[in-house]
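*Asks:* Take this structure first; my questions come after.
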Amino acid sequence: YHIEGFSPLQDKPHHDLLKAQELIASLNRLLPAPTRISQIPQPFLSKQDSYTVLTVSHIFEQLGPMMLEPSCAYIVEAMILPMLLDSCNIEAPFEMQTGIKQILELLWICLEDFEIQPCMENLIWALIKGYWFGPVQPDYIKQLKHLLVVLCLLQHDLSRRIWLSGALFFKFPFVLHIRPPDDKGIKIAFPVVWWEGYHEISTNNISIDSDMESSQNFSVSSNEKKESYMSACDLIKKRVTVLENIQVEMCKILMQMDDSTSRWDTRPTRIIFSEKLRKILKDLHLATGSLQPVQACSGPVMTCFLHRLIKAFKFHWEVWVKETPEAIKVDDFYIPHNVFYEDSINYFDLARVGGIISHLKKAHRDDLKQARTSTSSTRYGMNIGSSSSITDVDMNSTTFDKTLIDILDSICLMYNTAVHRQLSKVHGVTETMREHSKALNDTYKKIDKCPPDRSDVMHELERAKKVFTNEATEVARHMGWVKSVIFSEEKQEDLHWLLKVVLHTIEMAQSSGKLYVFMPEFYMENGIYLFQALWNYFLPLTVNVFYYSEGVPYSLKGDGFGFRHSTSPDLIPFGISDQEKSVSGKKNWFRVLEMVSTAVPEVFTDWQRSSAELTLTRLFQAVLQILNRVTASYKLFSTLSRLHATDIERQDRYAVLAAVAGVLVTLLQRSSEDRKKLAVQKLLEEPSFQIESVAFLAGNPMQIGLTASPIFSFKKFKEVTEEECKEIENLLQYLSEEHTTARMIKQDSVDADGLCTICYALPQSVKFVPCGHFSCRPCITRHLMNSTDCFFCKEVVVKIKDFNEA
């Protein structure tokens, strides 16, 4: 990055570069390439190979000593790398690159071992720098050439071995990342933009140019712009797919199970690669969990790495299935549970489902011993192929290939550590695009409503329109890249397959019994993360469970009590706070409670569940406290609403009372008779229950105020149907009758000495063992959730017994 007027920290070795330039020029005259023809004299063409090797040996005799000098990096990057790049045949990227292969062979033949190592290390580093830091154009020609050279390096056994054995291999993931074009390039790639809602904007008779600064301002229809935009997305996807396929070929090479006589490392490539991959993930795990700056690959790099590894893994497993008929198919794949407790994979300090690994080994010592010696465990045995470095594996079974299992486990860990977080960040572009589109629509509506005599307001609106248009145009271009490359159908298939692997692994591990607790915790998290990514991030995008600005649950929309709207009818459709912890957001959690009551009422009313009674009690406590606070006095709520606090002044009773009414109607009107009686019994037992509060929902002020018209009525809101209003009236009638009956029974049987001395609201119903104290069941149940001691004497409570038990 040369800056005019400034010198670099280190001067170029001009003398060595001039000498190397002459030597490389001689090589160029000898070796053919797609862009050059060898300049060997006609009489020597019959013996071209012999003369080439002889001449090249003399050239490298002069070039070799220069590899040991400090100028080696300059020579390799300025001379040797351009020669390799010129030897690429980009017209046939998936064919053998004979020019590059020949140069590599000559390098290894003519240079000594102590000369070839610094040469290859500097060449690899120059390739990484050129690919990663170079400018990105929409045609990706420069990146394609660099990837072809990297692929040839990996195809060459000796070059691959020297890269795998060195520290530079930890930079390999950077070669698998595909960056989007720069700002200038992305404008060239997407000359015309389009986004969802564009047609609505274009109907305002205002032209939106794809480039506000471009001189090509012509008007085209929304459909034509959409077609042009989609064509640009397909073109960029087609170009990127070529790069991705080359990167997949690299990963296939690194996963091959080969033998080597290299002096650097004689183990198979797959074993070395698996160890290096685990070390990369360990560094990444330390970087995410530490505040110290640790060198690790970024989220975008690991996301590309993951997809290339999945493709390569599928390829090698299908090869394994062809060679091993009893092996499971790739679509039914899972990780056998015995690898989680046999210590064949290094999980460093990762948590297990059951806790810390040291504790689990002590607690399940006998189970581990039995599992390792049991013959049934051979069903999950694995074959190591030609490697003998992995132990604790059943060598007689060929159902699984242990080396591939290690790589797939690393893929699962990679998604949990970095990839899901990156997908969530990228999805933010979609949210940003939606916000800009909404802001642009709102601006056009304000322009239409602006009075003609308010030129100052019109000027500000026009300025805002231009800003939002520029922002929406820029984000739409990035959306094209995201949709074509990151959230494409192929990437969706990769994550869907990975989700099936994770779920199948959890299912098989669970069937192993007590040893299920040894499964790493990130498998459980991956099941949730992958489902969330497939549901929310990939096209066709489904509506999110929560509205992006208010947290309104769409899952209940149209089915909840008075819930048939996107924006609450008591609020204006714009200017609403989108903060996560705003008052509007918190109110909508009442709707979540209503959704649970509607979808799975058994959580509260199924007495076969040990937690149902306590859960229903706590639900009614919350509902009644909210209901009493809103309806206690018609002046109280209005006073709070007039406070000059954020969001408070806009609040209305409807959003709160509609959700509360939905919970009560669902549990007390729409349930079966037996469950309805259980629910109403718990409701009437609550000390905070007031029939006047329920009457407020029906529009009957009763004792709250003797006004001519009700203070609040659901009949005023068009979102509430007549059937729902009728349900509220039936609810009030039903509770009035039950409340009267309960009061009469209570007056006949009330005994002050028999009341619970904790709450003084319910009668004593249980006895503590062994201390013998008494209380009501809800009070002691809540107490025992936090402590096992008796509420009165602090003696440990072994169990509680009902009065009617013998």
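*Asks:* Rounded to whole Hz and in sequence order, give me ³J(HN,Hα) for segment 153-167 from the Karplus expression 6.51 cos²θ - 1.76 cosθ + 1.60, θ = phi - 60°, writing x for Gly and Pro.
*Replies:* Values, residue by residue: 4, 6, 6, 7, 4, 5, 5, 5, 5, 5, 6, 5, 7, x, 6 Hz.
*Asks:* Quick query: amide H of Leu755 versus all other amide H atoms, modeled in the peptide plane; which residues come in under 5 Å with a sequence gap of 5 or more or a different chain?
*Replies:* It is Gln764, by chain and number.
*Asks:* Amide H of Asp182: which non-local residues (sequence gap of 5 or more, or other chain) have their own amide H closer than 5 Å, using H built in the peptide plane?
*Replies:* For Asp182, the qualifying residues are Val136.
*Asks:* Using θ = phi - 60° and the Karplus curve 6.51 cos²θ - 1.76 cosθ + 1.60, what whole-Hz ³J(HN,Hα) does each residue of segment 754-764 get, with Gly and Pro shown as x?
*Replies:* So the J values, rounded to whole Hz, are x, 6, 5, 7, 9, 10, 6, 10, 10, x, 5.
*Asks:* Rounded to the nearest 0.05, what FRET efficiency do Gln608 and Cys450 have when you use their Cβ-Cβ distance and R0 = 45 Å?
*Replies:* Efficiency at R0 = 45 Å is approximately 0.10.
*Asks:* Considering only the other residues whose Cβ falls under 11 Å of the Cβ of Pro93, what net charge follows from Lys and Arg at +1 and Asp and Glu at -1?
*Replies:* Once all neighbours under 11 Å are counted, the net charge is -2.
*Asks:* Hey, with R₀ at 35 Å, roughly what FRET efficiency would Trp535 and Ala464 work out to, going by the Cβ-Cβ distance, to 0.05?
*Replies:* 0.50
*Asks:* Give the peptides 458-471, 302-315 in descending order of average Cβ contacts within 10 Å, highest first.
*Replies:* Going from most to least packed, we get 302-315, 458-471.
*Asks:* Calculate, in nm to one decimal, what Asp442 and Asp182 gain on full extension: separation in residues at 0.36 nm each, minus their alpha carbon distance.
*Replies:* Between Asp442 and Asp182, full extension yields 90.5 nm more.
*Asks:* Now for a different question. Run down the aspartates and glutamates and flag those whose C-alpha is under 12 Å from the C-alpha of Lys483, throwing out any fewer than 8 positions away in its chain.
*Replies:* The qualifying aspartates and glutamates are Asp234.
*Asks:* How big is D, in µm² s⁻¹, for segment 723-806 by Stokes-Einstein at 10 °C and 1.306 mPa s if Rh is the Kirkwood radius over C-alpha pairs?
*Replies:* Calculated translational D: 106 µm²/s.
*Asks:* What base-10 log of the normalised intensity I(q)/I(0) is obtained for segment 397-498 from the Debye formula, alpha carbons as equal point scatterers, at q = 0.11, 0.19, 0.24 Å⁻¹?
*Replies:* -0.56, -0.97, -1.20
*Asks:* With label points built 7 Å along Cα→Cβ from the Cα atoms of Leu9 and Met96, find their separation and express it in nm.
*Replies:* 4.4 nm
*Asks:* With θ set to phi - 60° and the Karplus curve 6.51 cos²θ - 1.76 cosθ + 1.60, what are the ³J(HN,Hα) couplings of segment 523-530 in order, to the nearest whole Hz, using x for Gly and Pro?
*Replies:* 5, 5, 5, 4, x, 6, 4, 5
*Asks:* Next question. Under a 5 Å amide H to amide H cut-off, with H placed in plane at 1.01 Å, what residues pair with Thr721 once short-range neighbours are removed?
*Replies:* Amide H to amide H, under 5 Å and 5 or more residues apart or across chains, Thr721 pairs with Gly562.
*Asks:* Give me the compactness ratio for segment 315-368, meaning the Cα radius of gyration over 2.2 N^0.38 Å.
*Replies:* After normalising by residue count via 2.2 N^0.38 Å, the value is 1.54.
*Asks:* I'd like to compare 162-173, 334-345: which one has the highest average count of other Cβ atoms within 10 Å, and what's the full order after that?
*Replies:* 334-345, 162-173
*Asks:* Straight-line reach from Lys19: which lysines have Cα under 30 Å away, leaving out those fewer than 8 places along the same chain?
*Replies:* Lys47, Lys101, Lys129, Lys142, Lys145
*Asks:* Which residues in segment 772-806 have a backbone N closer than 20 Å to a point placed 7 Å from the Cα of Asp753 along the Cα-to-Cβ line?
*Replies:* It comes to 772-776, 803-804, nothing else.
*Asks:* Let me ask you something else. Using the per-residue mean of other Cβ atoms lying within 10 Å as a proxy for protection, in what order, highest first, do the peptides 755-768, 593-606, 401-414 fall?
*Replies:* 401-414, 593-606, 755-768
*Asks:* Sum up the charges of everything whose Cβ sits under 11 Å from the Cβ of Ala327, counting Lys and Arg as +1 and Asp and Glu as -1, but leave Ala327 out.
*Replies:* -3
*Asks:* Please compare each pair in Lys445/Lys716; Lys187/Lys225; Lys425/Lys491 to a cut-off of 23 Å on the Cα-Cα distance and tell me which ones are over it.
*Replies:* Lys445/Lys716
*Asks:* Here's a follow-up. Compute the signed sum of charges (Lys and Arg +1, Asp and Glu -1) over the other residues within less than 12 Å, Cβ to Cβ, of Arg782.
*Replies:* Charge balance in the 12 Å sphere: +1.
*Asks:* R0 = 45 Å: FRET efficiency of Phe348 with Tyr734, Cβ-based, nearest 0.05?
*Replies:* 0.15
Values quoted throughout were computed directly from the atomic coordinates according to the rules given, and no laboratory measurement underlies them. In this text the structure is predicted, and so the values were computed from the model without any measurement. Here Cβ is always computed from backbone atoms with ideal geometry, including for glycine, and neighbour counts include all displayed protein chains.
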